[in-house]
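Undergrad: Next up is a structure, given as structure tokens.
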Amino acid sequence: MHEHGSESKKFSEVARLRTPERLERLEVARVVELCLAGGTFESMLDVGTGSGVFAEAFAGKGLVVTGIDENPAMLEEAGRFLPQADLRQASAEALPFPDGAFDLVFLGVVLHEVDNPLKALEEARRVSRKRVAVLEWAYREEEMGPPLAHRLKPADLTRLAQTAGLDKIEVLALTKLVLYRMDK
């Protein structure tokens, strides 16, 4: 009985990450198009892949997808949607890949959660060949998403990116989110 309860709790967490309302708020298709615009990309790393929502969308565009997450339960769920993907347990601040391993490194609504955002951006830059894209919540109070105190101010995120060596930064405002597209 106890095990069933934990299974249903895990399912409800993943189900929450994939509700139609949340997927609409994340503007998945638009984000993927903007991440790939103006370049040729064959491989990508999804940092903090969660249940694999974005990784699945990038795979649907023909990219070879690798995903990392610190939570093994999330990796297990992502594997159900992306059995072909290389999914590994790892931290955004210590990516287990060589320099320039991926054309695109994507951090989807995860940077505000990491312990060291600068180190995460430095690692993203290191393993990226062409582009780093960061999707974050807009810096404003909203019913959905994290509280304002946990959101990143655009100026702060831009400064962190520049410090990490990413200085070609485009800031693209979406409905509820902001996409920071940074080319090397």
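Every read-out reported here was derived from the displayed coordinates using simple, explicitly stated rules and does not represent laboratory data. For clarity, every value in this text was computed on a predicted model and none was experimentally measured. For neighbour counting, all protein chains shown are included, and Cβ atoms are generated from backbone atoms with ideal geometry for every residue, glycine included.
Undergrad: Please compute one quarter of the surface area of the Cα convex hull for the chain and express it in square nanometres.
TA: One quarter of the hull surface, i.e. the mean projection, equals 10.4 nm².
Undergrad: A further question follows. Just to check I understand the Karplus step: with θ = phi - 60° and J = 6.51 cos²θ - 1.76 cosθ + 1.60, what whole-Hz values come out for the range 34-48, glycine and proline as x?
TA: 5, 5, 8, 4, x, x, 10, 10, 10, 9, 8, 10, 9, 7, x
Undergrad: Which number gives the lysine pairs in the chain that have C-alpha atoms under 26 Å apart and are eight or more places apart or on different chains?
TA: Count of close lysine pairs: 17.
Undergrad: Another one. Charges at C-beta only: +1 for Lys and Arg, -1 for Asp and Glu. How large is the resulting dipole of the chain about its Cα centre, in Debye rounded to 20?
TA: In debye, rounded to 20, the chain gives about 440.
Undergrad: Related question: Percent of Cα-Cα pairs per 10 Å bin, from 0 to the last occupied bin, for the range 64-145, please list those.
TA: Reading upward from the zero bin: 17, 47, 30, 6.
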